[in-house]
1. Do any residues in the stretch 136-154 that are in the same structural domain as Val170 (by TED's automatic domain parsing) have Cβ atoms under 7 Å from those of residues that are outside any loop (DSSP other than H, G, I, E, B) and among the polar types (S, T, N, Q), where the two are at least six apart or on different chains, and which pairs are they?
2. Which one is surrounded by the most Cβ atoms within 10 Å (Cβ to Cβ) among residues in the stretch 32-77 that are touching a strand residue (DSSP E or B) at 6+ places or on another chain (Cβ under 7 Å) and not in a helix (DSSP H, G or I)?
3. Regarding the stretch 97-117, can at least one residue be identified that is under 29 Å from Gly41 (Cα atoms), at pLDDT 80 or above and of a type outside the set (Val, Ile, Thr)?
4. Restricting attention to the stretch 147-183, and to residues there that are in a helix (DSSP H, G or I) and of a type in the set (Lys, Arg), which single residue is surrounded by the most Cβ atoms within 10 Å (Cβ to Cβ)?
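The values are calculated or read from the model by the stated rules, or taken from the named source; none is laboratory data. Computed from a prediction, not measured in an experiment: that's the story for all the values here. All Cβ positions, even for glycine, are placed from backbone atoms using ideal geometry, and neighbour counts span all protein chains on display.
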Amino acid sequence: MDAGEDILDSISGGAEPHATRSGVREVDDWFLSRLLPFEPGLIRIAQRITGDEDGAREIVHEVYADLLKGQRWRTVTKPHAYVSIAVRRAALRLTSRALAVPFSTFADMDLFASNGHDLYAHQLLFAKQQRRIVLKAIDALSPRCRAVVMMRRLEERSSQDIAEQLGITVSVVDKHLARGMAIIAKCLATLHEESG
C-alpha cells in the first residue's frame, strides 16, 4: 500500500451520509450535496496534471463511478478530500501510462540507421517523425518543465536528484514531468491519428 492509499484510507470511515430529501435516493442526495459542488475544482486538479479538459472531466467521472459502486460511498467521512486525492492519483497514473514514449528509440535512431539494421523505410520515416515531434514538443515546454523532462526521461535521473538540483520539491518535479509528458503524448497522438 502506498502513501496515497494510506491517506485515502485515513479519510474513509463509518460516518453516515446526510439524511435524504423526499423522493431522492440516499446515494444521490449524498452525491449532490457532498461531491457535485466541488466538481469544477476536481476537474481543474486533473486538468493541471493532464493538460486536457475533456480527459480531466472523464477522470473525475471515473473516480465518482468507482466511489459510488455498491456501498463504498458510505465509508467516506471526508468526500471532498477523498475524491481530490483519488482524482490526482488517477490523473498521474493515466499520464504516466501515456508517458511510455520510447525515448530510447529516439536516442538510438541514428545508431539503427548507421548500423544497417533491417528497418523498413516507412518504419524509419515514422520513427523520425515521432522524434521530430517529441523534440519540438520538448522545446515548446516551459524552461523548468523542459529541464525536468530532459533530466528524468533522457538522462534517467531520479526525481529526488532533479528536485535537489533545481531547488524544488519532488512533488513539483512529478507535476512538471506529468504535464510535460502529457503534452508530448498529445502531440504524438495527433501523429498516430494522421497516419492511422
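1. Arg152/Ser159
2. Among them, the one singled out is Val76.
3. No, the stretch 97-117 contains no residue that is under 29 Å from Gly41 (Cα atoms), at pLDDT 80 or above and of a type outside the set (Val, Ile, Thr).
4. Taking the candidates together, the pick is Arg152.
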